[in-house]
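These notes are about the structure you will find just below.
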């Protein structure tokens, strides 16, 4: 089966996305029918000379798209079925007849049935009216923190994208997205690649109050380091320290994966700034070094969030979209 799929390492399109598109096309055209088992991650990776993680990411995306289903202990199977309009219509009419017969047996009039049916349709519409929101940011840490904040809003189906993945493959932002949330810094670019310009919600980010309160407590003369997953997030924290601290010795940011001499890096420091949720980005050995440092120094977890005005603006946009969707 693996001979059905091909990837181009030099195309500039992420390899996992190429594989997603190849498999999706095979499923939608019937080359891979419902119930067909996909090759294992190892078999697909070996056949296409890819990393297993790349294939796993593609399979995870196909599962998110409801095209495949992973069955524990058995493998990954196609679960998409092409709609059969004639057969579906007949089945729907039969189901309605059954429902009407049951309502009649319970003693309800057709007028009452019509009222009940309308109420349930309204209830179902409200339950299904989740707004599909894409959030786009240029660094992993802020993207994760912003996504966590947006997930707390009820009725939102959230998709998170690094800006680099959109730049490499704008297709990632599907036309079915109801709203694209990003900062003003990236709004202009995203507007240029989106077919519908009014889908973009530009927001402003700020340091979380907890982060800000901790930074201002750093004392004069302290030696502070910054460790991050991305250089961009580290630079943001570096600028924030310049604004909220006084007379501290501040090292330039370091990316976690690039620190080789931990003893040398930590020597003499009294505080280390790291992203909130650093466990997502650091290895076990790196986390161990941070825990050891915390026994005598300060490990400060830092986060960014939407400011209040942006949050209210976004809520209003979501409410309007939801009302439009429900009709």
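State whether the residues of segment 313-327 include one that is under 15 Å from residue 140 (Cβ atoms) and either crowded, with 18+ Cβ neighbours inside 10 Å or touching a helix residue (DSSP H, G or I) at 6+ places or on another chain (Cβ under 8 Å) (or both).
no
Report yes if some residue within segment 89-109 is closer than 16 Å to residue 7 by Cα, part of a helix (DSSP H, G or I) and either touching a strand residue (DSSP E or B) at 6+ places or on another chain (Cβ under 8 Å) or at pLDDT 85 or above (or both); otherwise report no. Checked against the condition, which is being closer than 16 Å to residue 7 by Cα, part of a helix (DSSP H, G or I) and either touching a strand residue (DSSP E or B) at 6+ places or on another chain (Cβ under 8 Å) or at pLDDT 85 or above (or both), segment 89-109 yields no hits at all.
Residue by residue, here is whether (1) surrounded by 19 or more Cβ atoms within 10 Å (Cβ to Cβ); (2) assigned by TED's automatic domain parsing to the domain that holds residue 171; (3) at pLDDT below 85 holds:
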position	(1), (2), (3)
13	no, no, yes
18	yes, no, no
22	no, no, no
25	no, no, yes
28	no, no, yes
36	no, no, no
43	no, no, no
55	yes, no, no
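Consider residue 272 carefully, then state whether it is closer than 30 Å to residue 316 by Cβ and touching a strand residue (DSSP E or B) at 6+ places or on another chain (Cβ under 6 Å). Against the criterion (closer than 30 Å to residue 316 by Cβ and touching a strand residue (DSSP E or B) at 6+ places or on another chain (Cβ under 6 Å)), residue 272 does not qualify.
Checking the stated criteria, residue 258 turns out to be loosely packed, with under 14 Cβ neighbours inside 10 Å and under 27 Å from residue 164 (Cα atoms). Of the residues 175, 188, only one is free of Cβ contacts under 8 Å to residues at least 40 places away in the same chain and in a loop (DSSP other than H, G, I, E, B); which? Answer to the selection: 175. Per the conditions (1) without any contact (Cβ under 8 Å) to a residue 40 or more places away in the chain; (2) surrounded by 13 or more Cβ atoms within 10 Å (Cβ to Cβ), the sole criterion not satisfied by residue 204 is (1).
Among the residues of segment 261-273, those that are in contact with a helix residue (DSSP H, G or I) (Cβ under 7 Å, 6 or more places away or on another chain) and either under 20 Å from residue 141 (Cα atoms) or surrounded by fewer than 17 Cβ atoms within 10 Å (Cβ to Cβ) (or both) comprise 262, 272, 273.
The values are calculated or read from the model by the stated rules, or taken from the named source; none is laboratory data. The shown structure was predicted, so the numbers you read here are calculated from the model rather than taken from an experiment. All Cβ positions, glycine included, derive from the backbone under ideal geometry; neighbour counts span all protein chains shown.
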